[in-house]
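Read the figures in this text as sums done on the coordinates, not as results from a lab. Owing to the predicted nature of the structure, the values given are computational and were not obtained by experimental measurement. Heads up, the Cβs are rebuilt from the backbone with ideal geometry, glycines too, and the neighbour counts pull from every protein chain shown.
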Amino acid sequence: MRGNLFSLAYLVSNAGALLILLISIWYKRAGRIIVGFLFLFAALVNAWQAIFKPDIYNVYELLAALPVYEYLVAEVFLNHITFYIILLMVVQLAIGIGIVYNRKIAMIAGIVYLLVLAPLGAGSSFPCTVILAVAVMLLLNRGKQN
């Protein structure tokens, strides 16, 4: 995994993920709404970047933690950046709306989505996405108890 693990964006992402995890432990509804809106915000940012700055995604090939992810980014993803980012944006949008409305399937999709991002390494601010996946798992499990 290459990349600056101590950049401000990396540190803020992981600190934010820890804060969201704690909020999700203490305040289920607030945690769910924050996670849902995080997905919605990410969808908007990704849509804007896919349309206006698609080359920003070129760096992910260099940041991936696994060779298979390096290959997928370099040989598949980068050849059709805008298409794949818009597709991911639609997925993020659906997950975000579903989580805000407390849908179990959206929470499961969110967990899978976040864990699939983890091998992007520093590109996904690892372990940020794993921490967020744990937060969503806690929200999902606490939903069963209520």
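One table, with the values for the structure above:
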quantity: Cα pair count fraction exceeding 20 Å, expressed as % - segment 80-146; calculated: 31 percent
quantity: 113, 27 arranged by Cβ crowding within 10 Å, fewest neighbours leading; calculated: 27, 113
quantity: Reciprocal mean inverse distance between Cα atoms of the chain - Kirkwood radius, Å; calculated: 15.5 Å
quantity: Helix-derived mean residue ellipticity, 222 nm - over the chain, DSSP H n ≥ 4, -39500 (n - 2.57), to 500; calculated: -23500 deg cm²/dmol
quantity: Distance between modelled label sites at residue 59 and residue 11, nm, 7 Å Cα→Cβ extension; calculated: 1.7 nm
quantity: For segment 71-119: rounded, prolate or oblate by the Cα gyration tensor [a/c cutoff 1.5]; calculated: oblate
